[in-house]
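Enquirer: Let me give you the structure first, and then I'll get to my questions.
The values are calculated or read from the model by the stated rules, or taken from the named source; none is laboratory data. Nothing here was measured: the structure is a model prediction, and the numbers come from that model. Note: ideal-geometry Cβ built from the backbone for every residue, glycine included; neighbour counts use all protein chains shown.
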Amino acid sequence: MPLDHMFGNILLGVPFGFGLPFIRRMSVISVVAVGLVVSGAVESVQLVSDIWSVAAPTRSVDLNDVILNTVGVACGVLGFTIARAVYRVLFGRFTVATGLWSHFHRTMVTGID
């Protein structure tokens, strides 16, 4: 597998791992597990479409894609954890009552379990 393909698969998982804590509060292990399931589901759809010849051109199904996407999710969660720690130090003492930033602020201050 080419290095750029590996790096691309890792990058695909990073937004998922960073963004999921903004949608639902869950543990780090749960975020990575959901990322694994979603990545496995995508590869399963690719396998079915390849078997039924639905996709043109056919997609290659590879277990390495699932593993690398999950590594990307873990990197995203790590990035969220670091960003949250920095945010808490800089802005944790402030309160945001309403508006668009209230959810962002609340998530960054309380974070994930």
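Enquirer: Exactly one condition in (1) modelled with pLDDT under 95; (2) closer than 30 Å to HIS103 by Cα; (3) of a type in the set (S, T, N, Q) is false for SER49; which is it?
Expert: The one condition SER49 does not meet is (2).
Enquirer: Does the range 93-113 hold any residues that are surrounded by 14 or more Cβ atoms within 10 Å (Cβ to Cβ), at pLDDT below 85 and over 17 Å from the mean Cα position of the chain (by Cα), and which are they?
Expert: Answer for the range 93-113, where residues must be surrounded by 14 or more Cβ atoms within 10 Å (Cβ to Cβ), at pLDDT below 85 and over 17 Å from the mean Cα position of the chain (by Cα): just VAL96.
Enquirer: Same structure again: Among (1) surrounded by 12 or more Cβ atoms within 10 Å (Cβ to Cβ); (2) in a helix (DSSP H, G or I); (3) at pLDDT below 95, there is one condition LEU90 misses while meeting the rest; what is its number?
Expert: Here LEU90 meets the rest and fails (1).
Enquirer: Please specify each residue of the range 66-81 satisfying the condition of being touching a residue at least 12 places away in the same chain (Cβ under 8 Å) and either within 19 Å of HIS5 (Cβ to Cβ) or surrounded by 23 or more Cβ atoms within 10 Å (Cβ to Cβ) (or both).
Expert: If the condition is that a residue be touching a residue at least 12 places away in the same chain (Cβ under 8 Å) and either within 19 Å of HIS5 (Cβ to Cβ) or surrounded by 23 or more Cβ atoms within 10 Å (Cβ to Cβ) (or both), then VAL66, LEU68, ASN69, THR70, VAL71, GLY72, VAL73, ALA74, CYS75, GLY76, VAL77, PHE80 are the ones that fit.
Enquirer: Can you tell me which residue is nearest to THR107 (Cα to Cα) among those in the range 1-55 that are surrounded by 13 or more Cβ atoms within 10 Å (Cβ to Cβ) and charged (D, E, K, R)?
Expert: Only one residue tops the list, namely ARG25.
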